[in-house]
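Read the structure below first, then the notes.
Every read-out reported here was derived from the displayed coordinates using simple, explicitly stated rules and does not represent laboratory data. What you see is a predicted model; the values in this text were computed from it and never measured. Virtual Cβ from ideal backbone geometry, glycine too; neighbours counted across all protein chains shown.
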Amino acid sequence: MRKEIRLIFLSTFFVMVSCSDETSIFIDEQQSNILAENDAVVLSGSVSFENAGVLEISVDENYSGKRSSKAMDELAGNYPMVLIGQVNPPTYSGINALTAAHVFVEDDFAYVAYNTAGDDYAGAIDIVDVNDPNNPTLTSRVIYTNADINSLQFKNGFLYAVGGLDATASFTALTNSFITKIPVFSGVMDIDAGVIYGFQPGDNATDIVIDDKEAYVTSGKDGSITIYDTKDLEVKKEESYSDLRSLAIFGNRVAVLDASIGIRVLDDNLKEKDEISIDTDFGQYTKRTIDFVEDKIIVAEGAKGAGVYSYDSGTLLQYIPIISDPLNPPSGDVVNNAVAINEDMVFMANGGAGLSVSDDEGDLTKPYGVIQLNGSINFVQTRGDYAFAASGDEGMQIIKLNRLSLSLAAQCSSLIEYDGSSKLVINEGDDIAFSGAKSFNSIKVEGELLMCGTWTVSNDVDIKENALLEMNGSLTVGRNNRRKKIEVEQGATLRIEGNLTIYGDLELKEGATLEFIGDDSVVNIFGDVDIDEDATVLGTFLDVRNKF
């Protein structure tokens, strides 16, 4: 991750704080090059819902055997995902090319790292409150005018970030690779409360993992793996390596990805125990991730896709290929940068080829399709029912996976699982009920339909005259930049027990009924609610956007 040395550079770094006049100069120097923004009104402008809504998945026929998402007779999709919103990258003065590179999610907050491609150094850190999934909030932002931020983690009230800078142009930076520790209070970074730094060999610090009271950090060309004490960032142990891109810790095992040979497995004293040779070109100055999954190690191997290896034997078990979107040709480098696992779903951040999802079937991972997101996907992390994608100049994107909950599955165990067309039509006189989690193109109901599960619909939902649609679970319709509607025609009924989200409008015609069952239903409508005279709204519900 080497960058050319720049001629103009004002250092932001100091090692320890004292009360001398010289330290005061360093503090002033730091403050002039680290820009904090904590004003809620200003920060709110970076949160966008423009593209929010139902996400289509383009299926790669070469691997799935299924037709692409625009086929007329396609089956309903297996992954009813929704884009909740995105946080756009920061801009400041001449810094307008920051790209989201990494995401770390802990409890109610997502922490986003930004860096800059090319020879210049500039970066940023965002903190996003994701406690309310319908309304992500950017709570704090720090911009570095002279340093890349490549990876980060949060632990016990402090944010630890690593990156690169030009040490030859700095008064206080010892090397290009650094770690910094920033106090965080209720989702807000406080750079005035005492920010400290540590340094290690290498052109650029690439990855960090906090383990108890120690911070493990890797750095690239001619770098090292270094263990810091999280209290004061004092170096406790350090071992040199030629080109480390990332690390992962599982128990007392430390795996590092060395681009020169493959995986090195170390003990917690950094002594090498084993290695797995990988014959792959990892590229120059690029980050690739590794992760433990039970007794396997998954490696992002660039153009080859993701390699799955046995930890015990080092044997290559499978390559998960990079699949393409047949509707949107890749733009930019087609390389696997990172992999994330969520139960039986495998997400791959494939750069210009986007974010793909595969089915983990135990012994084999089978590619499924490409999620239609904008941007070059540099990193992905999942937590619970959500995925968080670092999407280059598109910033961070938040995806709701809409996994079928166990409690709902138990309640609907007597219903068959839906396995039919994505264009669902219930004819007059039909009385149909099913469970599941699917993505639809459209729904038209002329008879009676009970849907128990989690559903997305890309286009309109039309409940015809005197028809009935009952939904227990979650139903999401449309996208914010391609708004659709639910129309409940004369005398028809829409009955909801759970969550209803419409990126578009709700129309209740004369004599129509919208009924919410129970006390916990939520309705989130981004468009208009048009209620004709003699239409009825019944029940208790949370109206997220106050449209009723």
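From the backbone phi of region 535-548, what are the Karplus-calculated ³J(HN,Hα) couplings (6.51 cos²θ - 1.76 cosθ + 1.60, θ = phi - 60°) in whole Hz, Gly and Pro given as x?
Residue by residue, region 535-548 yields 7, 10, 10, 10, x, 9, 7, 8, 9, 4, 10, 6, 9, 9 Hz.
Provide the net charge surrounding residue 471, with neighbours chosen by a C-beta distance below 10 Å and charges set as Lys +1, Arg +1, Asp -1, Glu -1.
-1
Percent relative contact order of the chain, based on C-alpha pairs within less than 8 angstrom and at least six residues apart?
Once divided by the residue count of the chain, the mean separation gives 11 percent.
What list of whole percents do you get for P(r) of the chain, with Cα-Cα distances grouped in 20 Å bins up to the one holding the largest distance?
All Cα pairs considered, the percentages come to 21, 49, 25, 5, 0.
Counting only the backbone N, which residues of region 493-525 are under 20 Å from the spot 7 Å out from the Cα of residue 405 toward its beta-carbon?
Label zone hits: 495-502, 515-525.
Give, as a single signed number, the net charge of other residues whose beta carbon lies under 11 Å from the beta carbon of residue 426, with Lys and Arg counted +1 and Asp and Glu -1.
Residues near residue 426 contribute -4 overall.
Can you bin region 132-278 into rounded, prolate or oblate? Criterion: square roots of the alpha carbon gyration tensor eigenvalues sorted a ≥ b ≥ c, rounded for a/c under 1.5, prolate for a/b above b/c, oblate for the rest.
It is prolate, given that a/c is not under 1.5 and a/b is the larger ratio.
Show the residues, 5+ positions off or on another chain, whose built amide H is closer than 5 Å to the amide H of residue 171.
11
Taking 0.36 nm per intervening residue step and subtracting the Cα-Cα distance, what contour gain separates residue 193 from residue 120 on full extension?
Full extension from residue 193 to residue 120 adds 23.5 nm.
Separation of region 351-365 and region 118-149 by C-alpha centroid, Å?
Their Cα centres are 27 Å away from one another.
Could you give the nm distance between label points at residue 312 and residue 234, where each point is 7 Å from its Cα heading toward the beta carbon?
My value for the distance between the label points is 4.2 nm.
With a ≥ b ≥ c taken as the square roots of the eigenvalues of the C-alpha gyration tensor of region 315-361, please select rounded if a/c is under 1.5 and otherwise prolate if a/b is larger than b/c or oblate if it is not?
Here region 315-361 falls in the prolate category.
Assuming R0 = 56 Å, can you tell me the calculated FRET efficiency for the pair residue 172 and residue 548, based on Cβ-Cβ distance, to the nearest 0.05?
Approximately 0.45, to the nearest 0.05.
Angle between the Cα long axis of helix 21-33 and the longest principal axis of the chain, 0 to 90 degrees, nearest 10?
30 degrees
With a/c under 1.5 counting as rounded, go ahead and sort region 411-481 into rounded, prolate or oblate using the C-alpha gyration tensor (a ≥ b ≥ c being the square roots of the eigenvalues; past the cut-off, prolate if a/b is larger than b/c, else oblate).
oblate
Would you mind getting me the FRET efficiency between residue 33 and residue 211? Use the beta-carbon distance for r and R0 = 35 Å, nearest 0.05.
The calculated FRET efficiency here is 0.70.
Mark the label point 7 Å from the Cα of residue 341 along Cα→Cβ and return the residues of region 292-311 whose backbone N is within less than 15 Å of it.
292-300, 306-311
Efficiency by 1/(1 + (r/R0)^6): what FRET value for residue 520 and residue 364, r their Cβ-Cβ distance, R0 = 45 Å, to the nearest 0.05?
It comes to 0.70.
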